[in-house]
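Below: the structure, in structure tokens.
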Amino acid sequence: MVGQYTLSPIYEECIKPMSKITSLPLSVRVYPESPNPAFEKTQPRENRLKTWRQPNAMLVFDTETRVDATQRLTFGSYRFFTDGVCQEEGLFFGTDLPDHDREVLEFYVAGHSAEAASKELKLLTLQQFLSKFYLAVYKGRCLLVGFNLPFDLSRIARNFAAARGRFAGGFSLGLWFYLDESGSECENKYRPRIAIKHIDGKRALKGFTARNACDPTDLIPDGSPDGEPEEGYKFRGHFLDLRTLAFALTDKGYSLASACEAFEVEHAKQHAEHHGTITNEYIDYNRRDVLATSELARKLLAEFARHPINLQPTKSYSPASIGKAYLQAMGIQPILERQPDFPKKYLGYAQSAFFGGRTSAHIRKIPVPVVYTDFLSMYPTVNSLIGLWQFVIANEIKIVEHCQNEITEFLNQVSANYLFTQDAWKNLTAFVQIIPDGDILPSRGKYSAVSNDWQVAVNHLYSNSERHTALWFSLPDIVASVILTGRVPKVIDAFRLKSRGKAKGLKPISLRRAIEVDPREKDFFKVVIEERKRLATRTDMPKSEKNRLDKALKVIANSTSYGIYAEMNRKRVVLAVCTGWMCSEMMASCRKQRVQVGYRYGLHVGDGVLRSGG
Amino acid sequence: MKQSPPDPIRTYQRKAVAVRRRSEKNIHCACGETRVEALVPRKSLCAACKRTMKKHSTLDNHHVAGRRNSRVTVPIPVNDHRAILSEAQYDWPKKTLDNPEGCPLLIAAACIRGFIDTVVYLIDQLLRWIAEMLEMLSAFLTERFGTQWWVNTPLAQFTRNA
């Protein structure tokens, strides 16, 4: 049951609690375990990543489209680089481009030369371009570079379908077709399709699908030590979306223009007066976009290379990817790999106490007075105060069970002032089961009938019957409630976390090859905060370099502080395979699948504490 | 006349595939051969050394105009055949090399291309090193005997006429 607040009226800054108590179904997170032990043992094949080397070639392309709703391809341009030198440049055009537009392109290439080793500016049909694309990107395995690649890839595709398997929920694009004897267009099954699944506005999973009759050389895994083909291997491609990489490196969304500015690209993006109509200026604009994209790619790859981590830039989807790679580089293994017998029951309790941070604006387009509040490096600061680093590097995490008396005693002495002593924070690594009785606590419910969405809110929480509605919370959430309500809730159970020893294999690392950190000796979170602060006074590097290092430290600090310890990995298990009998055409896939969830780091115990501590 | 350059994407693709087939640990043969096209896939061995071990000839019969266009062959060391002449043929227009219909004009084109490739190869192998050796010898004599070292020697007759 939740005591709701109402705003009456909002512009009077008056928030009055309603006396009415409303019953709402609440939901909590769970820690699922698979009934199939073999499924739990499935490990990602990471050994291939160890020897991945960045290809020395890249194909950069960009497309222009009609300005109507279809957004069909009009033309595009590409550059092919090996070892940083542009070898070939060309234009290509859509199959249904009107003759007069094609003439503009033909006239243009006749009067312009390529900015490449080969001075001939090529003009290709889409099919010719796709042949080159196939040779370079699939057979030669070069980097495919673009800014917002999914859009450009969809423009050069001939058809689409619902994707399956790891890309289920996304699209599968068909690029390669041929004309059969009757002259009708057929998909070339001997070439792969490209599957795309959006994660959010900045990120998408992209990859080649399987194809029929692969050449043996296509079955050789990347970085294979012996060059032997491997049965069943699928080359997924090296798709480098610069929008995603720029976001991963800076935790900021960019357009091509703003990214060029932020990374000081020499030939930045230009602006076109008109879109849609093919003119010489518009072709210049498109070629300039490809040039800017290629220069931005070099800058971003150089920035990425400064991080001493074993991560493919093409698989760097967010700052969290970089954070995880840093933990890996420091020799920090996920807790459940170090300590597979960690009692799962407590993971479940901790998981039910985990309420991920979320920001939503409930008052929009109405001017209200605000106080701008900024907290420098909040997550790592809280991490450091609570002393969570010791759990990250621990050889073992122990559970101190049924310590409710000790916790109640601690809660009795809690006050806002008491929390200004650093030692108080060290006591917060515990979870508490309480029967809520008007305590102010986070809860997940459908608070809005309009959105019908599960949302986290902090409300007065009541229980109507004992035991059945006893809930687990992290101790910092309970402490916050004690400070807000002035009373200690009824604690019925509690457990505390203790770290024991230091994991083997920990090694020092250099953050962005500039700041040395030894995870065995120092609190990583503290080092990052202090170095960020110290950066402002450093005079041994230019300002631009200081800005980059500051951004990198911010990304590393935030990404290693929060979220990644509760990584959720979805795995699909095939329950039944359709035989074709009674198969509905509406089915996206003939395979009945069930999503199973596994937690890799299993450290969401710490994340739960951290979230509420922050 | 405009000379069409080789397709850089095709060249890259062939090279990338050859590198992928090569064993990661063994990037050259014990004889010093490093050209990836001449190395035997998944072995630290070049084609010539492999043939030597098997006591086979280290010469290949190179089809000068391509197998589909002419039966004329010339013996070429197997490593050079793989790394230079076959590679050069892959840069020809695909229709000329494959010539599926046996077009006589394409046969003629292939003969010309093959002859050029082979002559360029022979020039590289038989003449270029002599030019390089003469340049080195000139540098050596200049260092030893001064910039006019040929004065009062029989070689003076070959000097540039004023």
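The values are calculated or read from the model by the stated rules, or taken from the named source; none is laboratory data. All values reported here derive from a predicted model rather than from experimental measurement. Glycine gets a Cβ as well: all are built from the backbone with ideal geometry, and neighbour counts include every protein chain shown. For the accessible areas, the whole protein counts, side chains as well, though only heavy atoms, and no ligand, DNA or RNA atoms are used. Shrake-Rupley method; radii C 1.70, N 1.55, O 1.52, S 1.80 Å.
In plain terms, the chain from B:THR73 to B:LEU105 could stretch by 9.5 nm, reckoned as 0.36 nm per residue minus the Cα-Cα distance. Shown is the FRET efficiency for A:ALA117 and A:HIS402, computed with R0 = 60 Å from the Cβ-Cβ distance and rounded to the nearest 0.05: 0.25.
The angle between the Cα long axis of helix B:129-145 and the longest principal axis of the Cα atoms of chain B comes to about 20 degrees, rounded to the nearest 10. Working note: 222 nm ellipticity from helices only, DSSP H runs with n ≥ 4, each -39,500 (n - 2.57), summed and divided by the residues of chain A, gives -8500 deg cm²/dmol to the nearest 500. Here the spin labels are modelled as points 7 Å beyond Cα on the Cα-Cβ line, and at A:ARG53 and A:ARG570 they lie 3.7 nm apart.
Quick one: what do you get for the protein assembly as shown if you divide its Cα Rg by 2.2 N^0.38 Å? Can you show the working numbers first?
Working: Rg = 33.3 Å, N = 776, 2.2 N^0.38 = 27.6 Å.
Against the compact-globule rule of thumb, the ratio is 1.21.
About its Cα centre, the protein assembly as shown has a charge dipole of approximately 2000 debye under the convention of +1 per Lys or Arg Cβ and -1 per Asp or Glu Cβ, with nothing else charged.
Cβ-Cβ distance of B:ALA30 and B:LYS55, R₀ of 22 Å, FRET efficiency by 1/(1 + (r/R0)^6): the value works out to about 0.80.
Accessible area per residue, 1.4 Å probe, Å², for the protein assembly as shown: what's the number?
Here the residues of the protein assembly as shown average 54 Å² of exposed surface.
FRET efficiency for the A:GLU231 to A:ARG72 pair, using the beta carbon distance and R₀ = 45 Å, is estimated at 0.65. Over chain A, what is the relative contact order in whole percent, taking alpha-carbon pairs under 8 Å and six or more residues apart? Taking the mean separation of contacting Cα pairs over the length of chain A, I get 15 percent.
Working from Cα pairs under 8 Å separated by at least six residues, relative contact order for the stretch B:37-80 is 37 percent.
Taking the inverse of the mean reciprocal distance over all distinct Cα pairs, the Kirkwood hydrodynamic radius of the stretch B:57-146 comes to 14.8 Å. Only protein atoms count toward the accessible area here, which uses a 1.4 Å probe; on the stretch B:9-55, the carbon and sulfur part of that area reaches 53 percent. The simple spin-label model puts a point 7 Å past each Cα toward its Cβ; for A:ASP374 and B:ILE123 those points are separated by 6.7 nm.
Between A:LYS252 and A:SER182, the contour length at 0.36 nm per residue exceeds the Cα-Cα span by 20.0 nm. Take every pair of alpha-carbon atoms less than 8 Å apart whose residues are at least six positions apart; their mean separation over the length of chain B yields a relative contact order of 15 percent. Run the accessible area of chain A with a 1.4 Å probe and give the carbon-and-sulfur part as a rounded percent. On chain A, the fraction of accessible area on carbon and sulfur atoms equals 51 percent. The accessible surface of the stretch B:57-146, taken with every protein chain in place and a 1.4 Å probe, is 64 percent carbon and sulfur.
Placing a pseudo-label 7 Å from each Cα along the Cα-to-Cβ vector at A:HIS274 and A:CYS214 gives an inter-label distance of 4.9 nm. I'd like to know which of A:VAL456, A:SER415, A:PHE247 lies farthest towards the positive end of the charge dipole of chain A, counting +1 on Cβ of Lys and Arg and -1 on Cβ of Asp and Glu. Comparing the listed Cα positions along the dipole, A:SER415 ranks first.
The accessible-area loss of the stretch A:123-143 on complex formation, taken against its chain alone with a 1.4 Å probe, reaches 10 Å² or more at A:LYS132, A:LEU135, A:ALA136, A:LYS139, A:GLY140, A:ARG141. How many angstrom lie between the Cα centre of the stretch A:387-407 and the Cα centre of the stretch B:79-131? Going from one Cα centre to the other spans 73 Å.
Of the beta bridges DSSP finds with both residues in chain A, what % are antiparallel, to the nearest 5? Of all bridge pairs located within chain A, approximately 90 percent are antiparallel. Mind grabbing the interface size between A and B? I mean buried accessible area, both sides, 1.4 Å probe, in Å² to the nearest hundred. Summing both chains' loss of accessible area gives about 1800 Å².
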